[in-house]
């Protein structure tokens, strides 16, 4: 990281709370501070990836959508009025990008289930290594997650990708803390069932 | 407490227990609930199984989350690079006299270059080659009229992967160099690489200039190099910058006035690549920074590049360059690193580590993987060191390193590989076994999946066979 980022970190370190720190960082980024922009991009890329993966099954397309969201967001950051609402605003852009992609995909293929084929092709592997090792389990997990309802996936992804707290997830998604709790518990339980069944079939 | 349970037997039922187990994953249980759950678990095998399965799922999710973090980081890097490269361009698009005020030293270095360049126009400088009487291969002719002592050596060729040609006069014929180590370049020496060869030149101040295939450059005093055509990669030393220019209409057509020549300055401890293309017209040059800060001056425009940024200069205009990362942009010089020269060891290690960190997490992972293969034996050693490093715990990278060693490991690595055969990762053990099977030629009875699980008699027999082969060889 260059010295500019250190300057941005110093700005942030002197601020009292994380919410204020985020807003201060957003203000710097709005003024074109490249270090502040880099720091925000670094911080938010994982959360936007969490949202995009929840909306789009195709892994590659979700990564592209994440990139597109961040580029669109940071190019338009000067138009953001309330610095405190940066997260929700960026997530809104992500949802729009994902919706656009899904619409185009439906027009192109007509069939949603082809996305499922993408995932399977993507994770094809050498049959000689088919035993239930870590990589294989991760592949199955990715498949099982993509079968969960989108709201559950998003909570699950935010919790595990970025280790966000229940409260932070609730604030970002604008839902009650208990909703986050329920979605996460239901998602875990569904995954446990899916993985246990797969293990028995092996 | 469940109404149908006696307080002296199990105080909670399975449904409640499983709900508590789910909550306990996030450490949110009260002390009382923890006690109740422990009591229930001690007596209920089904719930213990449930707890194990849920905790396995949780661990797997955490591991999946870590993989996603790598991907997100890689996306963040490319987004930041693209945003900042665009903002640099828009700054230039508004370029005016004020931009010059930000870089007061830029004018100074331009003046230096002008003096050097005009001197070059007038003086034809000779090339000196120390002829080796024992070597029958053709060497470069040394013009008799110009004694070699008259010309200070400003650079020398370190290494090349094929034919390299030199000349000391733009109108003279190119001469193939046979003895690289004896070639000293003086100011005005031009070097050309063949259609399939690369070469590395070191300046007297310790700067490195690598020439891609079919490249022509001319070296001058003051660590200045002009790229006539093709692509170079420069690393300046920590004591002296390198100045790069692209004269002879290589970037603008018709040929620009000398004051309009694009100049790329690679300050101390910086690295950049410069690529010139004459088609399609107008000709253009792309400069990409991979270390430190690189400055550009083209006509009235100036800009600074930081690592990951790339700009294209054409007809005095500057626009964003291609978004490939530095590892892809500089892939062409890997055959030079593959020569295995000791001074490249640290660079090869860093390169392999950087490549490994992208494999599996970048969109075009196979490109990074291929780059490691291109390094051949030189690239295999860092992979082996990484696997042997007890502090290196990143599972996906260890898997990739082991998989690459299946095909890249060399016989000299057999002993160290055998010491890794009991690695904690099943996939690593299997790959090491495949590598040893290939290197030590057997035994006939072999199945990689023996190393997927716990030790077995078959596995012990094969390892014993390898151990004996290695001992005999020593």
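No value in this document is a laboratory result; all are computed from the given coordinates. These figures come from a predicted structure and were not determined experimentally. Here Cβ is always computed from backbone atoms with ideal geometry, including for glycine, and neighbour counts include all displayed protein chains.
Kirkwood Rh over Cα pairs of segment B:338-473 into Stokes-Einstein at 20 °C, 1.002 mPa s: D in µm²/s?
Details: Rh = 15.3 Å.
Estimated diffusion coefficient is 140 µm²/s.
Express in nm, to one decimal, how much length is gained between residue B:373 and residue B:26 on full extension, taking 0.36 nm for each residue of separation and deducting their alpha carbon distance.
Details: separation 347, 0.36 × 347 = 124.92 nm, distance 4.35 nm.
Fully extending the segment from residue B:373 to residue B:26 adds 120.6 nm.
Going by the alpha-carbon gyration tensor, a ≥ b ≥ c the square roots of its eigenvalues, is segment B:312-412 rounded (a/c under 1.5) or, if a/c is not under 1.5, prolate (a/b greater than b/c) versus oblate? Walk me through the numbers before you get to the answer.
On the way: a/c = 2.51, a/b = 1.71, b/c = 1.47.
Taking the square roots of the gyration eigenvalues as a ≥ b ≥ c, segment B:312-412 is prolate.
Distance from the Cα centre of segment B:219-245 to that of segment B:331-406, in angstrom?
One Cα centre to the other: 28 Å.
Across peptide A:184-196, what mean number of C-beta atoms from other chains lies inside 10 Å of a residue's C-beta? Walk me through the numbers before you get to the answer.
On the way: counts 3, 6, 1, 2, 6, 6, 1, 6, 9, 2, 1, 4, 6.
Mean shielding by partner chains, rounded to a whole number: 4.
Above 15 angstrom, tally the Cα pairs of segment B:170-242 and express them as a % of all pairs, no decimals.
Values: 1386 of 2628 pairs.
That tail contains 53 percent of the Cα-Cα pairs.
Neighbouring Cβ atoms within 10 Å as the yardstick, rank B:231, B:59 fewest first.
Working: B:231 24, B:59 11.
Result, fewest neighbours first: B:59, B:231.
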